[in-house]
1. Ranking request for peptides A:261-273, B:37-49, B:18-30: highest mean number of other beta-carbon atoms within 10 Å first, then the rest in descending order.
2. Kindly write out, for the stretch A:284-294 in residue order, the coupling ³J(HN,Hα) from the Karplus curve 6.51 cos²θ - 1.76 cosθ + 1.60 (θ = phi - 60°), rounded to whole Hz, with x marking Gly and Pro.
3. Distance from the Cα centre of the stretch A:508-585 to that of the stretch B:125-141, in angstrom?
4. Mean separation of Cα pairs under 8 Å and 6+ residues apart, divided by the residue count of the stretch A:135-213: what relative contact order is that in percent?
5. Give the peptides A:301-309, A:336-344 in descending order of average Cβ contacts within 10 Å, highest first.
6. Take every residue in peptide B:54-67, count the Cβ atoms of other chains within 10 Å of its Cβ, and give the average of those counts.
7. For the stretch A:227-265 and the stretch A:34-77, what is the separation of their C-alpha centers, rounded to whole Å?
8. Assuming a ≥ b ≥ c are the square roots of the Cα gyration tensor eigenvalues, decide whether the stretch A:345-420 counts as rounded (a/c under 1.5), prolate (otherwise, with a/b larger than b/c) or oblate.
Amino acid sequence: METIKITIDNKQVEVEKGTTILDAARKMGIDIPTLCHMRLDDLNIENKPGGCRICVVEVQGRRNLAPACITQCVDGAVIRTHSPRVMNARRTVMEFILSDHPKDCLICPKSGNCDLQNMAHRLGIREIPGHEIAEISTYRKDTSPSIIRDLDKCIMCRRCEMMCNEVQTVGAIGAFNRGFMAAVGPAYEQDLEHSPCTYCGQCVAVCPTGALTEVDHTREVLRAIVDPSKTVVVQTAPAVRAALGEEFGMKPGTLVTGKMVTALKELGFDYVFDTDFAADLTIMEEGTELLTRLKKFLNGDKDANIPILTSCCPGWVNFFEHNYPELREVPSTAKSPQQMFGAIAKSYFAEKININRKDMVVVSIMPCLAKKYERQRPEFSVDGNPDVDFSLSTRELASFIRQANIDFANLPESEFDRPLGESTGAAVIFGNTGGVIEAAVRTAYEVFTGKKLSRIDFTELRGMEGVRQATIDVDGFPLNIGIAHGLGNARKLLDDVKAGRSKFHAIEVMACPGGCVGGGGQPLHHGDSAILKARAKALYDADRDMPIRLSHENPYIIQLYKEYLGEPNSEKAHHLLHTHYFDRKAKIVVKQ
Amino acid sequence: MSTTIKIELRQQDLKKIHEICDSFNNEPLELINILHKTQEHFGYLPAEIQDAVADKLNISTAQVYGVVTFYSFFTMTPKGKHPISICMGTACYVRGAERILDEFKKELGLQVGQTTPDGKFSLSSLRCVGACGLAPVVIVGNKTYGRVAPDDVKAILKEYE
Ligand code: SF4
Ligand code: SF4
Ligand code: FES
Ligand code: FES
């Protein structure tokens, strides 16, 4: 490693050659302001278009100020990050960026959590010269089932473009036009709904302003709770409990399951249940499907559809419907846990408490924006009544709790209601990349071999690497498992499946980097990947501390099959818990 | 839900697009050159054609659209029967090309890059066309007009009525 010596703000340091001024300064604890730059370390994600210039610094001997995020240190350089000249330039840059920016912060969904707003505050901007005469673009708002795009608030940091193209390889959005009219969006400025968007929400997760936000349904949920004729049932996804606390100043990775349940009860939900219950149910259905296909495959059946792909992530489902429709028989037909929960709540549970499904409102709390899209798919409703009525993100729940003036950090803990609130350790790790397949392996092993597992933790399936693989010894049979998180990584595994050279028996895919802990609806990480790792650890810890850690041992799951569904993959189970996929790839056809 | 987006093109147009892409080995890095050739052939780059190029090169339509809207020499609207170009090179500019352009805009009710609804005229601006001695210069179809004054604009348009 070649090192060089530099001086930043009168302090000498030695850094590796090739280090940017920004990184060198950060190592020394000097915080140079940035807007467009963003990096998620362990995920190999970096955005540095060098476009906003808020990060300029003074380098002795250089005539122009240098953008710190893209300028490499040279040996002996003397750098000043906050000289009067730098401060003056930085303010000018900020005033320029703000000159065509709308000023409706009062009702902006990003207010309080906006990088641009924070920067204006940090730099003490009190007026914006030229604002009255500057051209403000007048893009209309685009509202899709999951995401709202308000391009007047786009500052062309291009983070979303990087996420959608390089990380997710979806290519739904890209930069277009130039100058004041430049923005990022789908081709021909169409709505997201007419693009191959998967609604993974990763663009929303990195947007520094209010240009990309989620559709907010807290108002509608409040109305449902107030309505005395409705029984309102809520379900919470595994990843939410590992992140919600951050919104209330708690350390990343603080598990707030008990407090979250209390908060939901105080908010007035009639039943507080757990999506984890449905995750256990997913394992029963998907695991059984895996075993059936595997047995066929071992008998030499060519149509066994091996590898089986997981199907619990709706972002991923959208992705293969758009990009690999020819493979749509390969993923498991099991619905996502959100939809399984909705289907069971509005059948089994509605019958149990003796109400009509139309009088029940099912709300889901999700780390995910794709679930908002998923819940409104027509195949997930009965006579126009959806199985899941509203899906709120973790961020929306936090806002809802704030609206209710609940002192979250000091809440006592309570337990989920029964029967749909009981779950196992296998379910809670669904929120992590590798978690679904680990849960499936645990159950498949015991069911397949009829033996008890000697160890429950399959650590070889864990980690943050984008594509991982492991071979699990299932009583002499080597089960090959592939794992991908982030859709770009999924594409690699899918291309192998398509070409017939995949050596895997089962593949888990999660659309979001890190899995649902890094979902598009989670508290914003502002580019700090340590936050995602802390959340992942919290979920593995939760699993370790659970009394039951195998889905098929969940007593309420056993009861559900006994009382209602019969066997896994039974006809009734198929009807309620399985689905089918569509070809949604855009087609070029010859005009007649 | 099960509806897919269909992009319709005539057989011969699709063939032409594929030919052009193939001649650049379907290399996404050649996108600008490919679009150039394609526009040369079709006169403009409507959405279907961009879709077909994206499909052939296996890149996203958003990326193609980004390039088309970034460079001003690409256009998504068909040229008029009589395309009008105003030189905006330095010599023409200092001799009042901007006022000529404004006059055309006013007379036709068009912005640069647009075409009249009847498809008769379209308006564009050019970099130096190499006739600086005649500045300011206007080109309509194949005909070049030199030393144009704002007052001449009406008369020029009249020639094509
Ligand atoms: S939600 Fe995902 S797929 Fe859709 S535009 Fe954003 S990053 Fe791309
Ligand atoms: S990984 Fe999780 S949060 Fe992301 S789209 Fe899939 S289900 Fe939603
Ligand atoms: S943060 Fe360096 S140019 Fe934007
Ligand atoms: S500047 Fe117009 S012809 Fe040269």
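1. On the way: A:261-273: 20.5, B:37-49: 16.8, B:18-30: 14.1.
Going by the mean number of other Cβ atoms within 10 Å, highest first, we get A:261-273, B:37-49, B:18-30.
2. Using θ = phi - 60°, the values come out as 4, 6, 5, x, 5, 4, 4, 5, 4, 5, 5 Hz.
3. Centre-to-centre (Cα) distance: 67 Å.
4. Working: 124 pairs, mean separation 29.0, N = 79.
Reported relative contact order: 37 percent.
5. On the way: A:301-309: 17.3, A:336-344: 27.7.
Sorting A:301-309, A:336-344 by mean packing, highest first, produces A:336-344, A:301-309.
6. Numbers: counts 4, 4, 1, 0, 0, 3, 12, 10, 18, 8, 3, 10, 11, 3.
That average works out to 6.
7. First find each Cα centre; the distance between them is then 39 Å.
8. Details: a/c = 2.62, a/b = 1.42, b/c = 1.85.
The shape class here is oblate.
Read-outs: derived from the displayed coordinates by stated rules, not from any lab. A quick note: this is a predicted structure, and the numbers were derived from the prediction, not measured. When we count neighbours, we look across all protein chains shown, and the Cβ atoms used for this are built from the backbone with ideal geometry, even at glycine.
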